[in-house]
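The values are calculated or read from the model by the stated rules, or taken from the named source; none is laboratory data. A quick note: this is a predicted structure, and the numbers were derived from the prediction, not measured. Neighbour counts run over all protein chains shown; Cβ positions are idealised from the backbone, glycine included.
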Amino acid sequence: MSIIVNEERRIFLLQTLHNSYAFGVDDQGLLRHLYWGKKIDAIDDFEMPVLAEVSTNDPVFEITREEFPVYGRLRYKEHCLKVTFADGCREVDYIYENYKIENHKDYDELIITLKDSHYDLYITLHYKVYGDFDLMERSVTLRNASQENMAIEQLQSAQFHIPYENLNFSNVHGHWGAEQQRFVQKVSYGKVVIENRRGISSHNHNPYFILDHDASETQGEVYFGALRRSGNFSGVVEQTPYGETLVQMGLNDHDFCYNLAPGEEFSAPAIICGYTNQGFETMSHHLHHFAQAFILDNDIRPVLYNSWEATGFGVTCEEQLKLAKKAKELGAELFVVDDGWFGERNGIKNGLGDWYVNKQKFPHGIDELIDEVKSLGMMFGIWVEPEMVNPPTKLYKEHPDWIYHFATRVSDTSREQYVLDMTREDVQQFVYQMLDDLLTSHDVDYIKWDANRPISQSNFDRSVWYKHIEAVYDIVKALKKKHPHVLFEACASGGGRIDYGILGIFDDFWTSDNTDACDRLTIQDSYSYIYPIKAMRAWVTDCPNFISNRDIPMRYRFHSAMMGTLGIGCNILKFSDEETKLAQEMIALYKEIRPIVQEGDFYRLENLSEDDYRSYEYLKDTKGLLFVFLSHTRIGHRPLTLKLRGLKKDTRYKLTYGDQEIHKSGAYLMERGIDLRLSGDYASELIFISEM
Ligand code: GLA
């Protein structure tokens, strides 16, 4: 049983394979947190601590670890809910009503209902327990059972309490071309805030938290949570003056207000959360396994070719046909036409919104290309940016009021485009219809959905920050219902839309416009802490790389991109015979190993050398892979001792690379490890592991 209740003491104990989470209801009806950590079976050992204020200036609400603190009474700490009622009262004062347990196929759910002591506002807290995955998913639903409106000014998904001070907080920072830059910082007194206020997406921070108690990859306590939401979010970590660290995450209250009408419900996004005392690797495995089991489908992702870096906006049918033939010759399975195929799209200034096939570029229509791609036996994909419009387009001329705007202000363009007001039903209908027509009248298998600017001059409704992305989710869900075979890639100026909100609705992330194979290792490494490898699109592109200006050998570029779902973004028409041959070999190899890459367990191996090595391991069933990279050799030119992980200690393994073959036990490979020396700059090796 994963949910245990002590009725008399009103204590709830949520049990996963290795961990426990406990909270209870005190005699005042307050929901108070009791424990989160390693498994404790004896529910009767949990007691509700007696509340005693430290002083009149430290009221009991401040010192108590609450499951879902609201704004009201003597609370000054971070809270999860703020409501203004129709009469102007700005406090919530809840009372515990009841609980319910539901057993589902994949999880058990504890549902706690709270009610405001005066107003007919119901707050339902959901705890889904995924026992085998050592994870829990929390969410909150509000219901207005009164006859009057309620203004929801803040709604966080959950607050968590960690009984330590001086924890390490990690997340990512970044910007376009430099997404997913992992940082770790000590938490001390005061607050750490990460957030997104852009409405669309953000490269700056990612909606998750990791708090560790001096953990490493394989040891130590880690508390983590990932929000299932794109767009605006906020997360606060606070080491309080009362000997604990609290963390909460949910919808960003910046410029936010949701008008909850009588009879209406409103939910905060779910947050997937967990604890481990086995370090970051176990945290990643739990999240990856969860994503594979409940978020992603079981299909292996195809190798794609995308023409963006090769042709930019200068798309022509003739050249695309040539690229398609060459892509097929190399082994690509999906041919994607990127930006530039529609409207008057000859650059960033025009086209977005006019979603007709450009006649100069495709004189006989786009089916000429699609038919050829299909006859070559490939799938066909196409780029769109449906939430946007360029000012010179027919769409904008006909519907200038369809963009986010304030009548008395000038609307800002960014990348020469406006954002469509996706909260309007007519706009939603237009976007859905445009995509449905595209998918109905053409044989399209893959949509790359881009979004290249944030929202500004948002409309008067302050729930826009919530409703915009809801509309995107709903449109894609409806399209998938009608066109179930179509895969959707989430892109926002590269990796701006990487989160657990969009994943599952979309299938792939475009990880970054930065396709430099060496930079990508940093991006991929950080990405892997939280997100599954199967959703990580990675391309091999031309050198010198357009961002880094670096020249990296093709073999290294392939190895780096083969760590995710492989794509090719080179101008393949310029390939030499030698490059063609190498690309063919690498793509064929990727097809053999991709079940291990896309569905295996992923390990970030420790670099035991002073030199600049990076190594990663994948294991699936009886097979595995090791990717080893040396970007820059340093003076001393040290070899690397590579200690493997996750093997069975008594099983014998064969490791092969080049003409080398090594036979060792799992114990030897994990404890002693193998020695490997790569030399020069941008050296890389792919080592195959198999049980003997
Ligand atoms: C964004 C994407 C790129 C490409 C261009 C097209 O920058 O991240 O991959 O699709 O738009 O304009």
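Worth pointing out:
- Among the residues of this structure, Val419 counts as one that is within 16 Å of the ligand (Cβ to nearest atom), over 20 Å from the mean Cα position of the chain (by Cα) and at pLDDT 95 or above.
- Of note, Met388 satisfies the criterion of being hydrophobic (A, V, I, L, M, F, W, C), touching a strand residue (DSSP E or B) at 6+ places or on another chain (Cβ under 6 Å) and within 19 Å of Asn358 (Cβ to Cβ).
- If the condition is being buried (at least 20 other Cβ atoms within 10 Å of the Cβ) and touching a strand residue (DSSP E or B) at 6+ places or on another chain (Cβ under 9 Å), then the range 403-425 contributes Ile403, Tyr404, Gln417, Tyr418, Val419, Leu420, Asp421.
- Among the residues of the range 667-678, those that are farther than 14 Å from Glu617 by Cα and not in a loop (DSSP other than H, G, I, E, B) comprise Ala667, Tyr668, Glu671, Asp675, Leu676.
- Residue count for the range 464-486, restricted to those that are surrounded by fewer than 18 Cβ atoms within 10 Å (Cβ to Cβ) and part of a loop (DSSP other than H, G, I, E, B): 3
- Output for the range 147-163, where each listed residue is crowded, with 19+ Cβ neighbours inside 10 Å and either of a type in the set (Ser, Thr, Tyr) or assigned to a loop (DSSP other than H, G, I, E, B) (or both): Ser157
- Taken over the range 132-167, residues that are small (Gly, Ala, Ser) and under 21 Å from Leu31 (Cβ atoms) amount to 4.
Listed here are the residues, each with its yes/no results for (1) assigned to a strand (DSSP E or B); (2) free of Cβ contacts under 8 Å to residues at least 60 places away in the same chain; (3) within 16 Å of the chain's Cα centre (by Cα).
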residue: His203; (1), (2), (3): no, no, yes
residue: Ala226; (1), (2), (3): yes, no, yes
residue: Ser230; (1), (2), (3): no, no, yes
residue: Val236; (1), (2), (3): yes, no, no
residue: Tyr242; (1), (2), (3): no, no, no
residue: Gln248; (1), (2), (3): yes, no, no
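- Of all residues in the range 85-100, none are modelled with pLDDT of 95 or more, out of contact with any Gly (no Cβ under 8 Å at 6 or more places or on another chain) and of a type in the set (Val, Ile, Thr).
- Here Asp299 meets the list (1) crowded, with 17+ Cβ neighbours inside 10 Å; (2) closer than 25 Å to Tyr616 by Cα almost entirely, failing just condition (1).
- When the residues of the range 565-622 are filtered to those that are in a helix (DSSP H, G or I) and within 23 Å of the chain's Cα centre (by Cα), the one that is surrounded by the fewest Cβ atoms within 10 Å (Cβ to Cβ) is Pro595.
- Filtered residues of the range 647-658 (kept if part of a loop (DSSP other than H, G, I, E, B) and within 27 Å of Ile635 (Cα to Cα)): Gly658
- So Asp450, is it closer than 20 Å to Gly347 by Cα, in contact (Cβ under 8 Å) with a residue 24 or more places away in the chain and touching a Cys at 6+ places or on another chain (Cβ under 6 Å): yes
- Here the strands (runs of 3 or more DSSP E) wholly within the range 28-126 that include at least 1 residues being over 30 Å from Gln147 (Cβ atoms), without any contact (Cβ under 8 Å) to a residue 12 or more places away in the chain and under 33 Å from the mean Cα position of the chain (by Cα) are 94-103.
- Per-region count, the range 393-421, residues closer than 17 Å to Gly231 by Cβ and touching a Lys or Arg at 6+ places or on another chain (Cβ under 7 Å): 2
- Every residue from the range 173-201 that is part of a strand (DSSP E or B), closer than 18 Å to Trp510 by Cα and among the aliphatic types (A, V, I, L, M): Ala178
Conditions tested, residue by residue: (1) touching a His at 6+ places or on another chain (Cβ under 6 Å); (2) farther than 20 Å from Phe23 by Cα.
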residue	(1), (2)
Cys89	no, yes
Asp93	no, no
Asn103	no, no
Lys128	no, no
Asp134	yes, no
Arg138	no, no
Asn144	no, yes
Glu148	no, yes
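- Across the range 426-447, not a single residue is classified as β-branched (Val, Ile, Thr), more than 15 Å from the ligand (Cβ to nearest atom), within 25 Å of Ser202 (Cα to Cα) and surrounded by fewer than 16 Cβ atoms within 10 Å (Cβ to Cβ).
- Residues being in contact (Cβ under 8 Å) with a residue 60 or more places away in the chain and hydroxyl-bearing (Ser, Thr, Tyr) - total across the range 176-197: 0
Conditions tested, residue by residue: (1) at pLDDT 95 or above; (2) farther than 22 Å from Glu599 by Cα; (3) in contact with a helix residue (DSSP H, G or I) (Cβ under 9 Å, 6 or more places away or on another chain).
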position: Val628; (1), (2), (3): yes, no, yes
position: Thr641; (1), (2), (3): yes, yes, no
position: Tyr653; (1), (2), (3): yes, no, yes
position: Thr656; (1), (2), (3): yes, no, no
position: Tyr668; (1), (2), (3): yes, yes, no
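- Residue in the range 245-256 that is farther than 14 Å from His79 by Cα, surrounded by fewer than 19 Cβ atoms within 10 Å (Cβ to Cβ) and at pLDDT 95 or above present: yes
- Residue in the range 391-406 that is touching a Ser or Thr at 6+ places or on another chain (Cβ under 7 Å), farther than 22 Å from Val540 by Cα and touching a residue at least 60 places away in the same chain (Cβ under 8 Å) present: yes
- Phe460 of a type outside the set (Lys, Arg), under 23 Å from Arg198 (Cβ atoms) and either away from the ligand (no atom under 12 Å from the Cβ) or in a helix (DSSP H, G or I) (or both): yes
- Residue ID - farthest from Leu334 (Cα to Cα), chosen from residues in the range 518-539 that are polar (S, T, N, Q) and in contact with a Ser or Thr (Cβ under 8 Å, 6 or more places away or on another chain): Ser528
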